[in-house]
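Written below as structure tokens is the structure these notes are about.
The values are calculated or read from the model by the stated rules, or taken from the named source; none is laboratory data. Predicted model, so just to flag it, every value in this text is computed and none were measured. Cβ atoms come from the backbone with ideal geometry, glycine included; neighbour counts cover every protein chain shown.
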Amino acid sequence: MMKLLKMKTETWFNLDSAESDDTATLRLYGVIGGDWFDDGTNAKDVSEQLEKLNAKTLEVKINSPGGSVWDGWAIYNSILAWGFGGSNREVVIYVDGCAGSIASVIAMAGERIIMPVASQMFIHNPWTIAAGNANHLDEVSRNLRDLGATIRRIYSARTGQPENVIQELMDGAEDGTFLSAERALELGFCTEVRENIRAAACGGVEILGKIAGNVDTARIDAQNIVNAIYRNTKILTTKG
């Protein structure tokens, strides 16, 4: 967990709207809440920006180690509220690098949750730093367990996994579990794993043919290849 907290970025939050207003992109980079570093993603700013947004699709791109549980919940609820606030709205989550701790809870707000092969989620029990007498520390412990129970229910509702399975993952061997994209898909934490196919650009006709699905009969348009590579989508074929 401490390794995750060393992730730091100067550009932590922005919301870009497309010219057509059909699609907007919300980038959540850095620490959620910004309590430990000077940078961070503030729930108030995110909520205010979403209230002004009139797009049909919201793409949320996450690369965060986590942070404040309460700010994370507020962002999660704001994204859900935006999705429910209009007809035919869609929220698509992209895990650009790591969705760790409370950032992985934010990811659960998406209708679609897309993880490239080179990405991870990290889920664990909430923790804090506290000092005080036994009564005070007992109260802190109870509060942490309550926070953990809520997080567990969010994961369970989104993934379909029973809460005891989620709790085992949150416990982990020591402090939580890192999930690869493939493992996250298997458990229901994401809905799609996106292969990185850019390497196919230097792989020759045979590799491109395999991706296309029929090297003998498919005529692959050059522009189609370029578009597919840079959009990380499946290469289409045209028969002629």
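Here is how the numbers come out for the structure above:
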item: Residue in the stretch 25-46 that is modelled with pLDDT of 85 or more, touching an Asp or Glu at 6+ places or on another chain (Cβ under 6 Å) and in a strand (DSSP E or B) present; result: yes
item: Residue that is surrounded by the most Cβ atoms within 10 Å (Cβ to Cβ) [pool: residues in the stretch 41-67 that are closer than 27 Å to I129 by Cβ, under 16 Å from the mean Cα position of the chain (by Cα) and not hydrophobic (A, V, I, L, M, F, W, C)]; result: S64
item: Residue pairs meeting the criteria (Cβ under 8 Å; at least 6 apart or on separate chains; first closer than 16 Å to M121 by Cα, in the stretch 147-175; second surrounded by fewer than 13 Cβ atoms within 10 Å (Cβ to Cβ)); result: S156/P162
item: Among residues of the stretch 116-150, those that are under 12 Å from M170 (Cα atoms) and touching a Gly at 6+ places or on another chain (Cβ under 9 Å), counted; result: 6
item: Residues of the stretch 116-148 that turn out to be assigned to a loop (DSSP other than H, G, I, E, B), among the β-branched types (V, I, T) and either touching a Ser or Thr at 6+ places or on another chain (Cβ under 9 Å) or at pLDDT 95 or above (or both), as a count; result: 1
item: Qualifying residue in the stretch 87-98 (condition: touching a Lys or Arg at 6+ places or on another chain (Cβ under 7 Å), crowded, with 16+ Cβ neighbours inside 10 Å and among the aromatic types (F, W, Y)); result: yes
item: Criterion (at pLDDT below 90 and either in a helix (DSSP H, G or I) or aromatic (F, W, Y) (or both)) met by exactly one of L15, L53, L4; result: L4
item: Residue in the stretch 140-147 that is more than 21 Å from the chain's Cα centre (by Cα), of a type in the set (V, I, T) and surrounded by fewer than 16 Cβ atoms within 10 Å (Cβ to Cβ) present; result: yes
